[in-house]
Amino acid sequence: MAPLPLDEARAYAYQAFMYGYPLAENYSILWQSTLAIQQQFNTFYGKAQLTTPADTTVVTPNNDTAYSQGWLDLGAEPLVLQVPAVPQEPPRYYSFQIIDACTNNVGYIGTLTTGAAAGNYVLAPPGMVPASVPNATVIPVPSRYIFLLGRTQMLGPNDVPATQAIMDEYALVPLSRFLGQPAPPPAPATPFLPVAPSFITTLSFFQYLNLALTFQTPPAGDAPLLERFARIGVGPGLPFNPSTLDPELAGALQRGILEASKAITHKAQGGAVENGWNLPEVNLPYFGTDWWTDYDFRSLTARAGIYANSPSEAIYYRAYQDTNSQPLSGANQYTVTFPAGQLPPAAAFWSLTMYGANQFLVPNSIDRYSLGTQSNLSVAADGSVTIYIQANAPSAAEMPNWLPSPLSGSFYVVLRIYGPENTSYIAPGLTQVGGSGS
C-alpha cells in the first residue's frame, strides 16, 4: 500500500478522534473508578450525599440526586440488577441509566420508565441473552463493560437516612446465583492500560482507543470509517506505537488530534441559543437499538457532560451568556425571573446549578450549588420567582433565592428538567442587573 499523504493522515486522525473521544474518555473514567483505586467490578458504590466542589471525576455533575455507581464486567455471565419498591409519599425520583462502552444510553430503569415497584432486571451482553428469566426482565446490552449510573432523589438535608435505606437495597447479583445454578468459569482477562495524565491530546490516545474498541462490536454502518482509520493504525485491538512512527506522520496525526479536540470544545458551547440558553438536542437517537450515528454530537456531549441523560428522562439547558449575548462573569450580578405559573415543566423535578470554568461546582460560603423544586424558594406577591446569581450575598429577603457565583472569572449554569413535560420549553434568561455584589 502506498504511503499515506500527510494531509490525508491528518484528516483521518481528526475523524478518528471525533469518533473515538467518548470511548477513550469512558475508558479513562472506568480506569480511575476501578483499577486505579482497587475498586471491584460488579459492585455498587455510593452514599446518600450530594455532589460538592471536591467531586471532580465527572464534569458538570448534578447536585440533586445521590449517585449509585457500578462498573459491570459481563464477560463471564449476565448480572441481575435488583431494585426495591421506592416509596412515593412524597414522590421520589430514581433511575438507573445503562451506558455502553461508547457512552450510548442503552436504556433506563426507574420511576419514569419502569415505575416505583420492586423489580429484577437481567443485563445480558451479546451471546448471553436468555429468552426469559423467571421473575425478571431481560435487557440486552451491547458491551462487555457497562456503566450503571443510579440517581436517587434526596428530598432535603434531613432526608439522608431515608435515601440511604433505599440505596442500600440496590443490588447486583450474578445470573447463576439468582437462578441457583453453578457459576460459569471466569472470562478471559482484559489487557488494561494504565491511564497516563493528559493522554487525550497525545498520540497515545489511539492506543487507548484501540483497546476501548474491543469492548463493543462497532455497528455495521461504521465499517467504512474503520477502514479509513485502519490506514493510520486505529481499530479494535490494533497495535499502535507512537515511538515507531515517522516524525512527519506523527506530526500530521498530532495536528489532527489537536484540531478535533479544539473543535469539540467549540461545538460544546455552540448550537441553537435562545434567551442566552444553549437549547438541548431532543431529536437525536440517544439510546435503544438505533445507536448514535452523529459522532460529532456524541463527542461534544462527552466533553460538556459525559453520561448525560436521554431527553425522555431529562433535558439540559446551558447558559454561557446573558440575555444580551455577553459571557457570564463572576464580576457581575444576574437575575432569572420565572413569571407566575411558568416554572420549568417537570414531571419529576427541576434544578438550576452553578459551574465554574473548570466544569465543577463552585465553592461558596453557604455550600449552595443549585436551586429548584426541592428549594424553599421565595415567591413574589405577583406569583413570580426570581433567582439571584451573584458572588456576594444579597439582602436577607433575597437569600432563599440566591445561587452563588464565583468571585471572578467565567461560569455557566445548567437548567435540568427531570421528566420534561414540554421539550420546546424556553426558560427566561440571565439578565445582568449590576456589577459584583457588595
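Numerical summary
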{"quantity": "Spacing of the two label points (7 Å from each Cα toward its C-beta) at ALA381 and ASP294, in nm", "calculated": "4.6 nm"}
{"quantity": "Charge sum, other residues only, whose C-beta stays under 15 Å from VAL80's C-beta, Lys/Arg counted +1 and Asp/Glu -1", "calculated": "-2"}
{"quantity": "Size of charge dipole - the chain - debye, nearest 20, with Cβ of Lys, Arg +1 and Asp, Glu -1, no other charges", "calculated": "360 debye"}
{"quantity": "Farthest toward positive dipole pole in region 40-179 [+1 Lys/Arg, -1 Asp/Glu at C-beta], among TYR67, THR43, PRO78", "calculated": "PRO78"}
{"quantity": "The chain: antiparallel DSSP beta bridges as a percent of all, rounded to 5", "calculated": "90 percent"}
{"quantity": "Cα coordinate range in region 40-179, projected on the principal axes (Å, largest first)", "calculated": "44, 33, 24"}
{"quantity": "Highest to lowest packing among 231-237, 34-40, scored as the average C-beta count within 10 Å", "calculated": "231-237, 34-40"}
{"quantity": "Mean Cβ count within 10 Å, highest first, over the residues of peptides 175-187, 198-210", "calculated": "198-210, 175-187"}
{"quantity": "Matching label, Rg and Dmax of the Cα atoms in Å computed from the structure shown, candidates [x] 21.7, 79; [y] 23.0, 76; [z] 27.2, 87", "calculated": "[y]"}
{"quantity": "Net charge over other residues, Cβ less than 9 angstrom from the Cβ of GLY429 (K, R count +1; D, E count -1)", "calculated": "-2"}
{"quantity": "Per-residue HN-Hα couplings for region 81-87 [Karplus 6.51, -1.76, 1.60; θ = phi - 60°; Hz; x = Gly/Pro]", "calculated": "8, 10, 10, x, 5, 9, x"}
{"quantity": "Segments 61-67, 71-77, 260-266, 424-430 sorted - mean Cβ within 10 Å per residue, highest first", "calculated": "61-67, 71-77, 424-430, 260-266"}
{"quantity": "Mean Cα-pair separation over length for the chain, i.e. relative contact order, pairs under 8 Å, 6 or more apart, %", "calculated": "19 percent"}
{"quantity": "Reciprocal mean inverse distance between Cα atoms of region 308-435 - Kirkwood radius, Å", "calculated": "14.9 Å"}
{"quantity": "Value of relative contact order over region 40-179, rounded to a whole percent, pairs C-alpha under 8 Å and six or more apart", "calculated": "35 percent"}
{"quantity": "Mean separation of Cα contacts under 8 Å (6+ apart) over length of region 316-370, as relative contact order %", "calculated": "18 percent"}
{"quantity": "SER424-GLU227 FRET efficiency (beta carbon distance; Förster radius 45 Å; 0.05 resolution)", "calculated": "0.65"}
{"quantity": "Helix-derived mean residue ellipticity, 222 nm - over the chain, DSSP H n ≥ 4, -39500 (n - 2.57), to 500", "calculated": "-6500 deg cm²/dmol"}
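Every number here is computed from the coordinates shown, using simple stated rules; none is lab data. Bear in mind that the values here come from a model prediction, so they are computed numbers and not experimental data. Cβ coordinates were reconstructed from backbone atoms using ideal geometry, including for glycine residues, and neighbour counts include every protein chain displayed.
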